[in-house]
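Structure, as structure tokens:
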Amino acid sequence: MSTTEILFFFLSALALFSASMVLISKNPVHSVLWLVVTFFAISGHYILLNAQFLAIVNIIVYAGAIMVLFLFVIMLMNLNQQNEPQKNLWMKLAGVISGGCFLMVFVSLVRQALEIKTKVAMTTGGDIGLIKNLGRVLFSDYVVPFEITSVLFLSAMVGAIVMGKKD
Amino acid sequence: MPIQYYIYLCLALFSIGVIGALTRRNVIIVFMCIELMFNAVNLLLVAFSKMHYGIASISDKASTVGTDGQLFVFFIMVVAAAEVSVGLAIIVMLFRNTHSVDINFLNRLKN
């Protein structure tokens, strides 16, 4: 096995394990920390695919900003004292079964697809993921969506402040 | 790596997110599971973009095929950040009114 394969399987196992721990842990703070581990594993996958810009943005935006926001909200609510009410066992079983059916249907679909049998995702090569190429396309072809994004952020900021205000 | 491995990994991550959104009752955990599903889709988009680039770069070394996919991931992250800020504000407001984060109490929007 080459180094790339070893890294791929290690990062995949880490991502799946920590994603499962997000669901299993009872304490919401532990869930947030396991989700941060998942995001770091996914960033490792991005680096393996040589998408360096997205790897850094994923760590900064998701693991850095969004998860800290989640942590702040959980700590403001002081959820540790109250025990979370559980769904009854049948509802949990129904949820797991429907999720498993979803997985099964799509796995069998992918197994039968002949077109992707021989396709390979290029790892550790190719420089389209570097910030030089992405920035050039972002500020030439996608400059209008980029500017609209700033309006979206402004409206989200105003909305969050208006809703979070005590009245 | 074969593209199938990435598809299986992303399907597993997405299914874990679906199961979490269906089985947990804490609204913050449900929200985090939605973020997990976002990330599974992002990873698959990047893998497919590198797949198309790998095919195109055989004939043309300087091709920029696949840049669109990675920029799409960037925009998904931007929208997710805006969505999280508004969603958490809604959750905080609901918690202030009902003193609960149980989705079974939050299913009626009136009162």
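Quick note: the coordinates plus some simple rules give every number you see, no bench work behind them. These numbers come from a predicted model, not from an experiment. Here Cβ is always computed from backbone atoms with ideal geometry, including for glycine, and neighbour counts include all displayed protein chains.
In whole percent, what relative contact order does chain B give with Cα contacts below 8 Å and a gap of six or more residues? Relative contact order of chain B: 26 percent. Could you tell me whether region B:3-98 comes out rounded, prolate or oblate from its Cα gyration tensor? Rule is a ≥ b ≥ c as square roots of the eigenvalues, rounded for a/c under 1.5, then prolate if a/b exceeds b/c, otherwise oblate. Verdict is oblate for region B:3-98.
Relative to the dominant Cα principal axis of chain B, helix B:3-23 is inclined by about 0°. Across peptide A:1-11, the mean count of Cβ atoms from other chains lying within 10 Å of each residue's own Cβ comes to 1.
Taken as entire DSSP H runs, the helices of chain A that both span 20 Å or more between Cα atoms along their own long axis and average -0.5 or more on the Kyte-Doolittle scale are A:3-24, A:28-48, A:89-112, A:143-164.
Springs join every pair of Cα atoms under 10 Å in this Gaussian network model of chain A, and among A:Thr124, A:Thr149, A:Thr38 the largest mean-square fluctuation is at A:Thr149.
Counting, for every residue in A:123-129, the Cβ atoms of other protein chains within 10 Å of its Cβ and taking the mean gives 6.
In chain A, a dipole from Cβ-located charges (positive for Lys and Arg, negative for Asp and Glu) runs towards its positive end, and of A:Phe72, A:Leu48, A:Leu89 it is A:Leu89 whose Cα lies farthest in that direction. Between A:Phe106, A:Ser150, A:Met21, the Cα set farthest toward the positive side of the dipole of the protein assembly as shown (charges on each charged residue's Cβ, about the Cα centre) is that of A:Met21.
Relative to the longest principal axis of the Cα atoms of chain B, the long axis of helix B:67-98 lies at roughly 10 degrees. Across A:Ala94, A:Ala121, A:Ala51, mean-square fluctuation computed from a Gaussian network of chain A (C-alpha pairs under 10 Å connected) peaks at A:Ala94.
Treat every Asp and Glu Cβ in chain A as -1 and every Lys and Arg Cβ as +1, leave all other atoms uncharged, and give the resulting dipole magnitude about the Cα centre to the nearest 20 debye. Here the size comes out at about 320 debye. With everything on Cα atoms, drop me the angle between helix B:27-59 and the longest principal axis of chain B, reported from 0 to 90° to the nearest 10. Approximately 10 degrees, to the nearest ten. Most fluctuating residue of A:Leu103, A:Leu49, A:Leu69 in a GNM of chain A with Cα springs under 10 Å: which is it? Residue with maximal mean-square fluctuation among A:Leu103, A:Leu49, A:Leu69: A:Leu103. Set Lys and Arg Cβ to +1 and Asp and Glu Cβ to -1, take the dipole of region B:3-98 about its Cα centre, and tell me which of B:Ser57, B:Leu44, B:Ile34 lies farthest positive. Among B:Ser57, B:Leu44, B:Ile34, the one farthest towards the positive end of the dipole of region B:3-98 is B:Ile34. Shielding by partners for peptide B:69-79, expressed as the average number of C-beta atoms from other protein chains within 10 Å of each residue's C-beta, is 6. About its Cα centre, the dipole of chain B is roughly 360 debye, where the only charges are +1 on Lys and Arg Cβ and -1 on Asp and Glu Cβ. Under the classification rounded if a/c is under 1.5, otherwise prolate if a/b is larger than b/c and oblate if not, where does region A:52-159 fall, given a ≥ b ≥ c as square roots of the Cα gyration tensor eigenvalues? Verdict is oblate for region A:52-159. So, in Å, what gap is there between the alpha-carbon centers of region A:86-114 and region B:1-27? Computed from Cα coordinates, the inter-centre distance equals 10 Å.
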